[in-house]
Amino acid sequence: MTRVAVCPGSFDPITYGHLDIIERASKVFDKVYISVLKNSSKEGLFTPQERVDMIEEVTKHLENVEVRQFNGLLIDFCHQVGARAIVRGLRAVSDFEYEMQLTSMNRKLDSDIETIYMMTNNNYSFISSSIVKEVAKYGGKIEDVVPPYIANLLEGKFSG
Ligand code: ADP
């Protein structure tokens, strides 16, 4: 049986924190789909297609990882690609409440799909896409928190 997982998120933009979770998931599962979900409550800096392209670039060393854009219910995406697991990262206690709601709702929609949490790598626990954008906006150093390719694109967004 092929073990398929989905790593969902906004990835606006992808950070070393996300990448760490994706790399670890790719070792545990046979196939990992990164699902770039359009989050209606968050306005994006990058378009969903830009995010897909950026993630493809920085995950090209991972052979069993594929990136897809999806607008809709995560559970429907899982059915579409035959995934039995959703992988999410946990940074701090503050993530817990939202994640608990998300998992409970997804379990109601399909109890056969399991959500699995990976604890963040200590080095990345403080990184979020929003903080990275804020720092990049004001010209701060972001080399330690996003891959160079992403840092360049961020600088491009804020220099024009
Ligand atoms: P969402 O808007 O769905 O929370 P994000 O792109 O912010 O999407 O995050 C996608 C997933 O990556 C979430 O499970 C989030 O907890 C996790 N994540 C984000 N940043 C980190 C990090 N620094 N370390 C570990 N996991 C992270």
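The values are calculated or read from the model by the stated rules, or taken from the named source; none is laboratory data. It should be emphasised that the depicted structure is a prediction, and the values quoted were computed from it without experimental measurement. We place every Cβ from the backbone using ideal geometry, glycine too, and count neighbours over all the protein chains shown. What goes into the accessible areas is simple: the full protein's heavy atoms, side chains included, and nothing from ligands, DNA or RNA. Shrake-Rupley method; radii C 1.70, N 1.55, O 1.52, S 1.80 Å.
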With T = 20 °C, eta = 1.002 mPa s and Kirkwood Rh from C-alpha pairs, the Stokes-Einstein D of the range 15-84 in µm²/s is about 167
Around E114: net Lys/Arg minus Asp/Glu count, Cβ-Cβ under 12 Å:
+2
In whole percent, and with a 1.4 Å probe on the protein chains, what portion of the accessible area of the range 10-160 is carbon and sulfur?
51
Amide H contacts under 5 Å for V87, restricted to residues at least 5 apart in sequence or on another chain and with H modeled in the peptide plane, are V6, C7, I116
Mind jotting down the distance between the C-alpha centroids of the range 1-75 and the range 86-160, whole Å?
11
Quote the Stokes-Einstein diffusion coefficient, in whole µm² s⁻¹, for the chain, based on the Kirkwood radius over alpha carbon pairs, a temperature of 25 °C and a viscosity of 0.890 mPa s.
152
Backbone HN-Hα couplings from phi across the range 97-102 [Karplus 6.51/-1.76/1.60, Hz, Gly and Pro as x]:
4, 5, 5, 5, 5, 4
Positive end of the charge dipole of the chain (Lys, Arg +1 and Asp, Glu -1 on Cβ, about the Cα centre): tell me which of A85, S111, L45 has its Cα farthest that way.
S111
Which chymotrypsin sites (Phe, Trp or Tyr not before Pro) in the range 69-160 sit in a loop by DSSP (not H, G, I, E or B) and have at most 14 other Cβ atoms within 10 Å of their own Cβ?
F126, Y138
Just to verify a number: FRET efficiency for V28 and E57, C-beta to C-beta distance, R0 = 22 Å, to 0.05?
0.45
Using all C-alpha to C-alpha distances in the range 43-133, build P(r) with 10 Å bins and read off the rounded percent in each one.
13, 36, 45, 6
Could you order T15, T115, T2 so the one with the most accessible surface comes first? Probe is 1.4 Å.
T2, T115, T15
How large is the accessible surface per residue of the chain, computed with a 1.4 Å probe and reported in Å² as a whole number?
57
